[in-house]
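The values are calculated or read from the model by the stated rules, or taken from the named source; none is laboratory data. Everything numeric here is computed off the predicted structure, so don't read it as measured data. Ligands, DNA and RNA are excluded from the accessible area calculation, which covers all protein heavy atoms including side chains. Shrake-Rupley method; radii C 1.70, N 1.55, O 1.52, S 1.80 Å.
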Amino acid sequence: MRNITIAFFALIFVSCSETKMLQTSLRTFNSSIAYLHDSPTSVCPRNKQVLINIQNTPLDTVTTVSRLPGLVLPFIFFNYFETNLKVKLGQSSIREDYNNFFTGSLTEESKRSGCFSVTNQNKNDSIYTLDLTIDTCNTVSKYRRTYMFMYLVIAYSWSWSESGSPAETNLQVSAKLRKGNSLIYEKKYMIKRSQPFINSTRLNSNKLRADFTTNMVEGLSLSTKECTDQIVADLNTSLYGSARPMIQVDESIKTANPIPEVIPIPVKEEQAAVTQQTAPKIEGTKDKFKVGDKIKFYNYAFNDYMKGVVKEIKAETILVEYESFGKIKTEEVNKSDIKK
């Protein structure tokens, strides 16, 4: 009975110190926030220059952990403790400085889908200034630990487990584009994203917490990608009146190399002979998929085609299994977005 009492109080003590223990542990892990720029490259003028200015530092310095309501079931022969903890992502869990990453991502995207160039020069009358204020940059997730203690009169047993939840990102950015003292456009961008987290009982605590941190960073990374894509598209429209303005063609070139005019030659029409034989029916194969087929499907989050395997076929959609950032995921895709 004495051993049971000691074990019982030990569980209570561990439960009370969960917040500090997890916070200390998570700070030993960090992950890269960089992502693949896969948008198509535009062929458009880039003679207008934009100076990017981020006016604040949005992220907390370190990743923090706070307690959420849990569950305690203190019975005579069975005791169950559930500890729920809220984890908020901080700069300490990201290898790159977030402000520099945001500016770099916006600059890189401008080289692909933008019709302007980013400059580091001081303000002057010919340069546009984009002032960005990151109003909200919160990425949070829930981490759970459970303990179970069971007393069997002459023996006892206990066990524990850990699990993570999806990462929820809320990114809000205010943008103002100016030229001199003139305000060209002003807009607030609000991105909310839930990044799924796949738990595995085969992982030890360190591997689970490392993956948990990486998932939170990945959620912020993809939210930032979505935000910078929208900003670049709006800059194109504000600067040129079009999301992707085309390069103006030199009229002198068109005159020097005129396109020859093609004059159609009339053809005498004859009535086709009618026979009783009918043309053979050709069955389409576009929508013929079967489970296990390897396909390519368009992923709107990544703005590109990805490889996957058909897992289930429905009337209008297909359930596809694919790999992303080293994790196996499934997604329901419209048949129109799939090609073999």
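If you take just the strands (runs of 3 or more DSSP E) that sit entirely in region 24-122, which of them hold at least 1 residues that are among the hydrophobic types (A, V, I, L, M, F, W, C) and open to solvent by less than 30 Å² (accessible area, probe 1.4 Å)? Lay out the reasoning, then the answer.
Values: elements: 49-54, 64-74, 78-88, 117-119.
Hits in region 24-122: 49-54, 64-74, 78-88.
When we screen G308, G292, G241 for residues that are open to solvent by less than 100 Å² (accessible area, probe 1.4 Å), modelled with pLDDT of 75 or more and over 30 Å from K192 (Cα atoms), the only hit is G292. Does any residue of region 143-157 turn out to be modelled with pLDDT of 90 or more and within 21 Å of the chain's Cα centre (by Cα)? Yes, the conditions are met somewhere in region 143-157. Among the residues of region 97-126, the ones that are of a type in the set (S, T, Y) and under 17 Å from the mean Cα position of the chain (by Cα) come to 2 in all.
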